[in-house]
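Below is one structure, written out as structure tokens, with a few remarks after it.
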Amino acid sequence: MTAPDGVDDEKRATLRRFAALGAASPLVGRSSSAAAETGESDARDAIVGYLSTTPGAHFSKIRDDLQLGTGETQHHLRRLEDVGAIERYRDGDYKRFVTAGRFDDFEKRALGYLRRETPRGMLIELLANPDATAGDLAEALDVSAPTVSKYAGQLEEAGLLSRDDGYAVERPETVLLLVVGHADSFGERARNFARNADQLLDYRG
């Protein structure tokens, strides 16, 4: 159903849900004052709220999950960047976004790989079982050994994985906290991991 102002009810509900999160953010003052004058504050607050729960999301995911148009999404992201509410960073072919000043370079790289299914699964499995071998990872994730090897090389190049003596997650507590803190946005494996993560909080790499 479409309301008289042309905004679909489902889209409105989605925007309002994330806008409530964005409105609670200390960054909202940067993003909303000018937008309120043009009636755009709901969309911008929604983006800020969305990125608070889904950091590292790429452009298309933000657009699709918030049910915004391509031009509309570009416009609001650009304005939010201009006022310093969000940051954009390059991750291969993706442009990813996070709330401003919240994540260091390592965490941004980690978020990029946590947004990819197989690398995310590998990192989670290694956090849960630091002694896991390449074969263990392939079996747990139902992928081939060459696939594990390919992504292990990428994770090592990104500084997220050491292969000096087996596989070891770099800065494991940081990666663990990223997974647990945003588990709902990473899928079922992450949610299951987060339920038992308190047992791993004393894990040292």
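Every number here is computed from the coordinates shown, using simple stated rules; none is lab data. Nothing here was measured: the structure is a model prediction, and the numbers come from that model. Positions of Cβ are generated from backbone atoms using ideal geometry, with glycine treated the same way; all protein chains shown enter the neighbour counts.
For this structure, a couple of remarks:
- Within region 139-205: Cβ-based charge dipole about Cα centre, in debye rounded to nearest 20 (Lys, Arg +1; Asp, Glu -1): 120
- Alpha-carbon Debye profile of region 87-205, log10 I(q)/I(0) at 0.12 Å⁻¹: -0.40
- Inter-probe distance in nm under a simple model that places probes 7 Å from Cα toward Cβ, at R88 and D164: 3.8
- Radius of gyration, Dmax [region 86-131; alpha carbons; angstrom]: 12.1, 37
- Rounded to the nearest whole Hz, the Karplus-based 3J(HN,Hα) values (6.51 cos²θ - 1.76 cosθ + 1.60, θ = phi - 60°) of region 81-96 follow the sequence 5, 4, 8, x, 7, 9, 10, 10, 9, 8, 9, x, 7, 9, 9, 10, with x at glycine and proline.
- Here the label points at D105 and E117, each 7 Å from Cα along the C-beta direction, are separated by 3.2 nm in the simple model.
- Trypsin sites (Lys or Arg not before Pro) lying in DSSP loop within region 50-137, provided at most 14 other Cβ fall within 10 Å: R102
- Whether region 113-157 is rounded, prolate or oblate, judged on the alpha carbon gyration tensor where a/c under 1.5 counts as rounded: rounded
- Note on region 89-168: dipole from Cβ charges, positive end direction compared against L123, Y167, A100; the farthest Cα belongs to A100.
- If the chain linking A145 and R195 were pulled fully straight, counting 0.36 nm for each residue of separation and taking away their Cα-Cα distance, it would gain 15.2 nm.
- For R195, the shell of other residues with beta-carbons less than 13 Å away shows a net charge of -1, using +1 for Lys and Arg and -1 for Asp and Glu.
- Each residue, Q67 and E156, gets one label point 7 Å from its Cα in the Cβ direction; the gap between the two is 4.6 nm.
- Shape analysis of region 147-193 places it in the prolate category; the axes a ≥ b ≥ c from the Cα gyration tensor give an a/c of at least 1.5, with a/b above b/c.
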